[in-house]
């Protein structure tokens, strides 16, 4: 359980919520694509600036195994951004190219002092990065959407399905960040104006948005 105010800028401080950190598998192409990878409980507690939270639902390799996917099957990992809770499991996929935005990797390797606690150079050593810049098609029907603000080079992932355009947000958010009463930027951000613009853009292009820390997805096995 963590403070809700981390996700909703200037709102809801003191309210404790469950905020899962998701990893996503995109199927339907020649091979599965992983979006983010999460991190282990031990690494979360070691590196996170948060003093609470970090319970591990299951190691990512176990979750993939239940889907009939092995670690070696993953050849592509799209990183929404390079904060610890989203990227530290990337090293478990030695066969994968790690797709990341140029601005994100540069900032992660040389962070502003204000953000030096949430980016550590050793996390990225040995990873096979494929660096992209701006909106980029990954495979037909899957596109990286440049979504800065929460981080310097966040990227959302748009997946075209027979039920519409489903977009995984490229920044830490809850469903309420995309609420009917107005868009709320995440509290940690490098640029609040870009964070707001990224939220507005996703609302325009998506038939369904999957926020990175949404609670409503806990009991959903597949989307759509």
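The table for this structure:
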| read-out | value |
| --- | --- |
| Residue in the range 74-81 that is modelled with pLDDT of 95 or more, more than 22 Å from residue 31 (Cβ to Cβ) and assigned to a loop (DSSP other than H, G, I, E, B) present | yes |
| Contacts under 9 angstrom Cβ, first residue in the range 119-133 being farther than 18 Å from residue 74 by Cβ, partner exposed (fewer than 11 other Cβ atoms within 10 Å of the Cβ), 6 or more apart | 119/110; 121/110 |
| Any hit, the range 107-125, residues being part of a strand (DSSP E or B), more than 25 Å from residue 201 (Cβ to Cβ) and out of contact with any helix residue (DSSP H, G or I) (no Cβ under 6 Å at 6 or more places or on another chain) | no |
| Of all residues in the range 141-152 being in contact (Cβ under 8 Å) with a residue 60 or more places away in the chain and within 19 Å of residue 33 (Cα to Cα), the one that is surrounded by the fewest Cβ atoms within 10 Å (Cβ to Cβ) | 141 |
| Any hit, the range 72-95, residues being loosely packed, with under 13 Cβ neighbours inside 10 Å and closer than 24 Å to residue 116 by Cα | no |
| Verdict on residue 54 being farther than 20 Å from residue 124 by Cβ, in a loop (DSSP other than H, G, I, E, B), out of contact with any strand residue (DSSP E or B) (no Cβ under 8 Å at 6 or more places or on another chain) and modelled with pLDDT of 90 or more | no |
| Residue check for residue 167: touching a helix residue (DSSP H, G or I) at 6+ places or on another chain (Cβ under 6 Å) and either part of a helix (DSSP H, G or I) or surrounded by 14 or more Cβ atoms within 10 Å (Cβ to Cβ) (or both) | yes |
| Number of positions in the range 96-118 that are surrounded by fewer than 20 Cβ atoms within 10 Å (Cβ to Cβ), touching a residue at least 24 places away in the same chain (Cβ under 8 Å) and within 19 Å of residue 46 (Cα to Cα) | 3 |
| Test: residue in the range 35-43 that is at negative phi, buried (at least 18 other Cβ atoms within 10 Å of the Cβ) and modelled with pLDDT under 90 | yes |
| Residue in the range 191-203 that is at pLDDT 90 or above, buried (at least 18 other Cβ atoms within 10 Å of the Cβ) and assigned to a loop (DSSP other than H, G, I, E, B) present | no |
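The values are calculated or read from the model by the stated rules, or taken from the named source; none is laboratory data. The shown structure was predicted, so the numbers you read here are calculated from the model rather than taken from an experiment. For neighbour counting, all protein chains shown are included, and Cβ atoms are generated from backbone atoms with ideal geometry for every residue, glycine included.
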